[in-house]
Amino acid sequence: MLASRPKPILIVSILLIVLAVLSAASVVTSRTGFARPAGGGTGGGNFQANAGPGVAGGDAGGGNFQGAPGVGGPGGAGFAGRTGGGGGGLSTFSLLSSTGLSSQVIGTITLGITILGILLALLSIFGVWKQKRWGLNLGMVIALLFLLGALPGLFTLGGRNINWLRDSITLLTLLAAAPIVVFGILPSTRDVVM
């Protein structure tokens, strides 16, 4: 049965399966805490309480998301007057927090989008395996979305808090998604789908 499929179809199908598995692994690791840095956040921010020493949940060296300038642990400041010490970066939470949604709602939305992506990847695997053009096109779109989603992760590779699991999932996602786009563009692959 495997020998009856052209090689590009077989490769694209396997890489789409890898993307679906990596996406599921990413959800599992983020929900169970494996993707979080060890040590409880020295140098990060605190979204709910002042980040001073002795305050429950505070970081030493972080900042306070809602606090005033100068409120924070040693080496940190409030969000408005952040002067140093803590890490920072662009995250979905920081982008969506201004909408007034709670972190639980944002997590649920993110989980729903991820599950939808996995289901669409599985649908595209079926279409590619049946050698349908819509399956290949859907697979290319899914691969492009995975590429765009994994690209910001390249900027965090090898940072101060190295997380090998998260970084390896990011690299494997890039290595699996790029060939899908390349194979989908090739005329030899497009000729075998209907």
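Within the range 178-194, residues that are farther than 12 Å from ILE9 by Cβ sit with their Cβ atoms under 7 Å from residues that are of a type in the set (Gly, Ala, Ser) and outside any loop (DSSP other than H, G, I, E, B), at 6+ positions apart or across chains, in these pairs: VAL181/ALA143. When restricted to residues that are in contact (Cβ under 8 Å) with a residue 24 or more places away in the chain and assigned to a helix (DSSP H, G or I), the range 117-168 contains 25.
Residues are listed down the side, and each one gets a yes or a no for (1) of a type in the set (A, V, I, L, M, F, W, C); (2) modelled with pLDDT of 90 or more; (3) buried (at least 20 other Cβ atoms within 10 Å of the Cβ); (4) assigned by TED's automatic domain parsing to the domain that holds THR32:
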{"site": "ALA121", "(1), (2), (3), (4)": "yes, yes, yes, yes"}
{"site": "MET140", "(1), (2), (3), (4)": "yes, yes, yes, yes"}
{"site": "THR170", "(1), (2), (3), (4)": "no, no, yes, yes"}
{"site": "LEU175", "(1), (2), (3), (4)": "yes, yes, no, yes"}
{"site": "GLY184", "(1), (2), (3), (4)": "no, yes, yes, yes"}
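The values are calculated or read from the model by the stated rules, or taken from the named source; none is laboratory data. Since the structure is predicted, the reported quantities are computational estimates derived from the model, not experimental observations. We place every Cβ from the backbone using ideal geometry, glycine too, and count neighbours over all the protein chains shown.
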